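No value in this document is a laboratory result; all are computed from the given coordinates. Here the structure is a predicted model, which is why all the values come from computation and not from measurement.
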Amino acid sequence: MPSNTGGGCLAGRRKEPRRAKLHRGPDAKPYPCKFCPVGCHRKIKITEPGEYALEAVGPEYETLGMMGTNLMISDPKAVSLANDIANRLGIDTISAGAMVGFAMECFERGWITARDTGGVG
Ligand code: SF4
């Protein structure tokens, strides 16, 4: 599976109880699929900062992994916004996170450059 694992782990994150934090915020209310014993779904509301303002279904745990830690993103608000954008576009968040991670790895290894990414890099 494509991933962005070459850089190690998120700096300074090992000591924090990240899992509990991600499942509590941002302003998360349980919203599980019917009869599911796992119940990973949350309804979330983000008001600040304004560029992340959002009221929607929050990211599932796979999305937190693939669009969060896999991409070295530790801000649950940023992951929530990426999740919402992907959902609105009908894009699978796990696949999207894997492909972006793969592109990041290719960029870091010099296999692709900003010329290949339209200047993003
Ligand atoms: S998305 Fe989450 S809540 Fe829904 S069925 Fe899967 S694990 Fe359960």
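Quick rundown of the values:
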| read-out | value |
| --- | --- |
| Relative contact order (percent, whole number), segment 18-108, Cα cutoff 8 Å, 6+ residue spacing | 20 percent |
| Residue-span extension gain [F102 to Y61] - 0.36 nm each, minus C-alpha spacing | 12.8 nm |
